[in-house]
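Encoded as structure tokens, the structure appears first; notes follow it.
The values are calculated or read from the model by the stated rules, or taken from the named source; none is laboratory data. Since this is a predicted model, take the numbers as computed values, not measurements. So basically every Cβ, Gly included, is an ideal-geometry build from the backbone, and we count neighbours across all protein chains shown.
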Amino acid sequence: MEHLKPFTTSELTSILKKRPKETKFGEHIMLLPDLDNIYEQLLKMDVTYVIFGIREDVGVFANYGSTGTSNAWDSVIKVLLNTQSNVFTHANRVAILGCLDFEKQQNKLDKLDQNKRKDITKARKLVSKIDASVTFLVSQIISAGKIPIIIGGGHNNAYGNIKGSTLALKKPLNAVNFDAHHDFRSEEGRHSGNGFSYALAEGFLKKYFIFGLHENYISDQVYNTINKLKSVQYNTFEAISVRKELKFKSEMQHALNHVSNSNFGLEIDCDAIANIPSSAMTPSGFSVNQARQFVHLFGSHENVTYLHICEAAPTAETETQVGKLITYLITDFIRAHGSH
């Protein structure tokens with residue numbers, strides 16, 4: 001795979017901060033000896049989860065957003081590997097692949113201007129190339145009977161996750177999306193705001209639940225579209241957390257009931273969590289602990305097919321905070337699913 005940069009033993013050694021009488025998460029994970037035939041290697045490995053990162057901002061740029069999502073993977077891996085390995089964290093059930101690195105595509109962004117229509121069109125063409133790599137890698141991991149945990153990049157990658165899962169399972173996937181935005185914009189060329197609408201239109205996505213949609217960010221056109229579609233259900237953040245018409249816990253169950261009759265993808269957009277550095281950072285949103293409860297509930301269901309945590313955009317100052325947040329979500333997912 002041309003874009004996959006393997007995570008190496010030497011990188012692991014340089015990141016690990018060992019301490020006497022302690023073992024760290026990174027000391028017990030599995031690495032792939034090489035990247036030839038990932039599927040064959042994963043088949044033989046006694047792991048449940050395969051973690052990989054996506055280093056890209058192209059989808060966010062192509063949706064007129066603020067870049068920075070390409071930095072999330074590096075901030076996470078430093079924290080995750082130095083977490084304690086203990087009875088709670090199950091590091092021995094995890095393989096770390098490395099990351100899909102789109103350096104060429106990222107470099108092209110530097111020459112593009114978001115105010116120019118033709119440059120946005122170019123960026124959207126680049127997103128389609130990224131889609132192909134994500135689709136292929138996700139399908140390989142799921143075909144080998146493992147659960148991908150996908151970290152970083154924009155929400156454009158939901159499309160590759162869903163398509164890759166569908167190709168591996170040979171049936172359309174359901175998805176639940178913890179998000180302030182619907183990502184159901186029109187099919188106007190690929191970007192971070194239309195991964196789910198494309199996946200549905202192309203038959204890869206069957207049922208879709210948007211959890212905690214912000215009422216300020218839905219156009220009448222999309223509102224009318226999603227209300228017409230039986231396969232799409234949603235609730236709003238305001239109905240749950242501001243007007244208190246709906247309860248967080250029972251709404252999680254409502255969403256689970258909509259998607260869990262078949263395989264489903266678990267999508268977590270960091271834009272939905274208050275004050276987290278992300279491509280559309282919000283002062284008003286769910287708490288970190290609510291996001292963790294959400295991951296726990298959906299992660300404990302037998303039909304969960306993957307976890308995708310996206311849109312975090314850490315800076316040098318917020319790198320550790322973002323790394324810790326996403327590490328909590330990853331370990332919550334592993335613990336929840338490990339309870340089978």
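Could you please let me know if N227 is modelled with pLDDT of 95 or more, part of a strand (DSSP E or B) and more than 26 Å from V58 (Cβ to Cβ)? So N227 fails the test. Taking the condition farther than 25 Å from I77 by Cβ and basic (K, R), does K249 pass? Here the answer is yes, as K249 does meet what is asked.
Quick check on T135: is it out of contact with any helix residue (DSSP H, G or I) (no Cβ under 9 Å at 6 or more places or on another chain) and either within 19 Å of F102 (Cα to Cα) or basic (K, R) (or both)? Judged against the criteria, T135 is not a match. Residue count for the range 241-288 satisfying the condition of being in contact with a Gly (Cβ under 6 Å, 6 or more places away or on another chain), farther than 12 Å from F178 by Cα and among the β-branched types (V, I, T): 0. No other residue among K146, K129, K122 is among the basic types (K, R), at pLDDT 95 or above and touching a strand residue (DSSP E or B) at 6+ places or on another chain (Cβ under 6 Å) apart from K146.
Sort out which residues of the range 93-106 are assigned to a helix (DSSP H, G or I) and either in contact with a Ser or Thr (Cβ under 8 Å, 6 or more places away or on another chain) or surrounded by 17 or more Cβ atoms within 10 Å (Cβ to Cβ) (or both), and write them in order of number. I'd like the intermediate steps shown before the answer.
So in the range 93-106, the residues assigned to a helix (DSSP H, G or I) come out as 93, 103-106.
Across the range 93-106, the qualifying residues are R93, Q105, Q106.
Residues in the range 107-136 that are among the β-branched types (V, I, T) and within 14 Å of G164 (Cα to Cα) were compared, and the one that is surrounded by the fewest Cβ atoms within 10 Å (Cβ to Cβ) is T135. What's the total number of residues in the range 256-270 that are surrounded by fewer than 24 Cβ atoms within 10 Å (Cβ to Cβ) and either of a type in the set (K, R) or outside any loop (DSSP other than H, G, I, E, B) (or both)? Summing the residues that are surrounded by fewer than 24 Cβ atoms within 10 Å (Cβ to Cβ) and either of a type in the set (K, R) or outside any loop (DSSP other than H, G, I, E, B) (or both) in the range 256-270 gives 3. Criterion applied to F136, F184, F88 was being over 17 Å from the mean Cα position of the chain (by Cα) and of a type in the set (F, W, Y), and the one residue passing it is F88. Just one of the numbered conditions (1) of a type in the set (G, A, S); (2) under 17 Å from C270 (Cβ atoms); (3) free of Cβ contacts under 8 Å to residues at least 24 places away in the same chain is not true of S219: (2).
Taking the criterion of being in contact with a Pro (Cβ under 9 Å, 6 or more places away or on another chain), farther than 19 Å from N156 by Cβ and assigned to a strand (DSSP E or B), would at least one residue in the range 64-78 satisfy it? No: the range 64-78 contains no residue that is in contact with a Pro (Cβ under 9 Å, 6 or more places away or on another chain), farther than 19 Å from N156 by Cβ and assigned to a strand (DSSP E or B). Among the conditions (1) in a helix (DSSP H, G or I); (2) under 16 Å from H182 (Cα atoms); (3) aliphatic (A, V, I, L, M), A336 misses just one, which is (2).
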